[in-house]
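Quick notes on the structure that follows.
The values are calculated or read from the model by the stated rules, or taken from the named source; none is laboratory data. Since this is a predicted model, take the numbers as computed values, not measurements. Please note: Cβ atoms are built from the backbone with ideal geometry, for glycine as well, and neighbour counts cover all protein chains shown.
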Amino acid sequence: MHTSTTSTTRYEGAPLKSVDPVGAAGADTAGKHLGLALAVISAAQLMIVLDATVVNVALPTIHTDLHFSSANLEWLITAYALTFGGLLLFGGRTGDLFGKRRMFMLGIATFAVSSLLGGLAQSDVWLIITRGLQGIGAAIAAPTALSLIATNFPEGHRRNRAMGVYAAMSGGGGALGLLLGGIFTDLVSWRWIFFVNVPIGALVLLLAPRALNESETTSGHLDVPGAVTATGGMLALVYGLSNAASHSWSSLGTLLPLGAALLLLAAFGLVEAHSAEPLMPFSIFNNRNRSAAYGLMFCLGTAVFSMFFFLTQFLQDVLGWSPLKAGVGFLPMTAGIVLAAGFTSRLVGRVGVRVPLLVGPAGTVAGLAWISRLTPNSTYPEILGPLVLIALGMGMSFVPLTLTAVSGVRPTDAGLASALLNTAQQVGGALGLAVLATVAINASRSKAESLAVASHGHLSGSAAAIATTHGYTTAFTAASGLALIGFLISALAIRSTRRESGSGSSVATRGMETAVP
C-alpha cells in the first residue's frame, strides 16, 4: 500500500523520471463526485489499517475469554498478516483484470462479513479463521483502493490532495486502532473491535457505485497456482514454527508442516519461473539495492510486529494496565513514526537514502535491546524511552526503503515493486512473530521451572510475573538480533547515493503507509 506522484529524481548523478506505481489507467477521467469518492476510498483504507492494530490491545482479554493457548494467540496477528501480505499482489491483479471498483467492493464485502463472523466467534479456531478471511478481503480492497485514486482523480492538485488524505488515513489508522481497541475492550466488549467494521463496510458498499468510476480492464490471467502455493507455503511454515512451542522441533506436528512448507514454496518457485504471467517475476530482484530493501523491510517487520504483540501483553498481564491505558501508552510510538517519516522525506532530498537507512535501523536495534531490560517493576518512563527510539528508527527507515524499492523500475513493474515492500513487511512480521513467540514461550517455561525448583515446587504470583517477563524480554533480545541482521543488510548491500528533490509530499505519503503493522 504505497502511493507516489510523478517527480524528477536523481540516482547516482543521472537524471531519472520516477514512475507512478498506482498506474495511469483512467487517470484523465474525473470521478462522479470527487468529495464522496475520496470519503469512500479513505473510509475503506482507514478500516483496513485500523484492523492491523485494533486487535493488539485486546489480545489479553481475548486470550482469557476464548481460552486461547499461548501458542495460538499469535495467530490472531499472523493469520491476518499472512493472507493480507501473501495475497496482496494477487488482489491487485484481480483489479486489473476484472475492474478495480468491482474488486474493491468484493474486498470490502469480504472484509465486513468476516468481521461480523469474528465478532460472533465462540472459539479460538473460529476467530483465527475469520482473521484470515479479513486478510483476504484486505488484500483485494487495499491495492484496488489505491488504484481507484488514479482512475477517479485527475492528475495534479486534486490527485495530490487525495493521496495526502489517503496517507493520513493510513498513518492515523494505526493510532486510532490502538485507541478504539482499548475503548471497546475496556468499556464495551472486545467483540466490537470487529463489529465496528460492519457499518463502515456497508456504507462504503452503498456509496461506491455512486461515487466511483469503474476502471478499464486488461487481458490476461490470474496466477492462481502462484498465489495458492505461496500463501499455503507461508501458512504451513508459520504453523510448523508455532507448533514447536507446544511440542518439540522433532515432533511430527512440527516436521510435517515444515516439510509441506518447503514443498509448497519450492512449487511456488517453479510456477513463477515457468508462468507466462507470474505473480512475482523474479527479475524484480535483479537490482541489488531493491533486493536489500526487501530484506531490510522483512527484518523490520519482525521487529515492529513482535514489539506490539509482546509489549501489549506485558503492559496488561504483568503491569496490570487496562486495555484503554495500554492503547494510550502506545500513542507516542505512532506519533514518533509519522513525525520521523515526515522529517526523513525532506532529509533524503539533501543527503540521499544511505544515511537514514543506516541511522534508522540502528535506532531500531538499540531500542529493542533497551526494551529487553524490562522487569515486572518497570515504570512507563522506562518503557517510553525505548518505545520512542524504536519509533524514530522505524519512521526514518520506511521512506528511504520505499524510494529504494521503486527506483529505476519499469513503469509496468512499479506497482509490483512497491507492493512487494508491503508484502515483505507483513510476511516478515508473521514469520518472525511465529519464531519469537516460540522463543518467548520456551524461555518463560524454562524460567518458571527453575523458579519452581528453587521454591520447592511452588510458583508465587511474583515468580510467575518474573518468568513471563523473562519470556518477553528474551523475545525482544532476539528481535534486536533480527533487526541487527537488517542493519547489516543495509550497511553491506545498499550502495545508493540517490537523492530526491521536489517530492517531499509523495515520499512522506509512502512512508506513512507502512508506519504500522
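Residues in region 471-517 that are in a loop (DSSP other than H, G, I, E, B), of a type outside the set (A, V, I, L, M, F, W, C) and at pLDDT 50 or above: R495, S496. Could you tell me which numbered condition G301 fails, if it satisfies all but one of (1) within 29 Å of G360 (Cα to Cα); (2) surrounded by fewer than 22 Cβ atoms within 10 Å (Cβ to Cβ); (3) in contact (Cβ under 8 Å) with a residue 40 or more places away in the chain? G301 satisfies every listed condition except (2).
Apart from one condition, V338 fits all of (1) at pLDDT below 85; (2) aliphatic (A, V, I, L, M); (3) in contact with a Phe, Trp or Tyr (Cβ under 7 Å, 6 or more places away or on another chain); the exception is (3). Each residue in region 270-285 was checked for being in a helix (DSSP H, G or I) and out of contact with any Gly (no Cβ under 8 Å at 6 or more places or on another chain), and 7 pass. Among the residues making up region 177-190, those that are in contact (Cβ under 8 Å) with a residue 60 or more places away in the chain and surrounded by fewer than 19 Cβ atoms within 10 Å (Cβ to Cβ) are I183, D186, L187. Being modelled with pLDDT under 75 and hydroxyl-bearing (S, T, Y) is a property that holds for T412. Within region 164-186, the residues that satisfy the criterion of being farther than 21 Å from K325 by Cα and modelled with pLDDT of 70 or more are V165, Y166, M169. Can you work out which of the residues in region 421-456 that are at pLDDT below 85 and either polar (S, T, N, Q) or crowded, with 24+ Cβ neighbours inside 10 Å (or both) is nearest to the chain's Cα centre (by Cα)? Restricting to residues being at pLDDT below 85 and either polar (S, T, N, Q) or crowded, with 24+ Cβ neighbours inside 10 Å (or both), the top hit is N422. Within region 101-113, residues that are charged (D, E, K, R) sit with their Cβ atoms under 7 Å from residues that are part of a helix (DSSP H, G or I) and crowded, with 20+ Cβ neighbours inside 10 Å, at 6+ positions apart or across chains, in these pairs: R101/L148; R101/A208.
Within region 101-117, identify whether any single residue is modelled with pLDDT under 85 and among the aromatic types (F, W, Y), and answer yes or no. For region 101-117, residues modelled with pLDDT under 85 and among the aromatic types (F, W, Y): absent.
Here V355 passes the criteria (1) at pLDDT 95 or above; (2) surrounded by fewer than 17 Cβ atoms within 10 Å (Cβ to Cβ) except the one numbered (1).
Taken over region 200-235, the criterion of being aliphatic (A, V, I, L, M), part of a loop (DSSP other than H, G, I, E, B) and over 30 Å from L258 (Cα atoms) is satisfied by L212 alone.
State whether the residues of region 122-145 include one that is free of Cβ contacts under 8 Å to residues at least 40 places away in the same chain and of a type in the set (F, W, Y). Yes, the conditions are met somewhere in region 122-145. In the set S275, S215, S250, only one residue is crowded, with 22+ Cβ neighbours inside 10 Å, small (G, A, S) and more than 22 Å from the chain's Cα centre (by Cα); that residue is S215.
The number of residues in region 28-54 being small (G, A, S), at pLDDT below 75 and surrounded by fewer than 17 Cβ atoms within 10 Å (Cβ to Cβ) comes to 1.
Among the criteria (1) of a type outside the set (G, A, S); (2) crowded, with 24+ Cβ neighbours inside 10 Å; (3) more than 17 Å from the chain's Cα centre (by Cα), the one D317 does not fulfil is (2). Among the candidates G336, G349, the residue that is in a helix (DSSP H, G or I) and buried (at least 19 other Cβ atoms within 10 Å of the Cβ) is uniquely G336. Does A267 fit the bill of being assigned to a helix (DSSP H, G or I) and either modelled with pLDDT under 90 or within 24 Å of the chain's Cα centre (by Cα) (or both)? So A267 does not fit the description; no. Of the residues F90, F98, the single one that is farther than 22 Å from V55 by Cα, out of contact with any helix residue (DSSP H, G or I) (no Cβ under 7 Å at 6 or more places or on another chain) and at pLDDT 85 or above is F98. The residue that is modelled with the highest pLDDT, among those in region 133-158 that are surrounded by fewer than 21 Cβ atoms within 10 Å (Cβ to Cβ) and in a helix (DSSP H, G or I), is L133. Quick check on region 108-131: of everything there that is buried (at least 20 other Cβ atoms within 10 Å of the Cβ) and not aliphatic (A, V, I, L, M), which residue is nearest to A430 (Cα to Cα)? The qualifying residue nearest to A430 (Cα to Cα) is R131.
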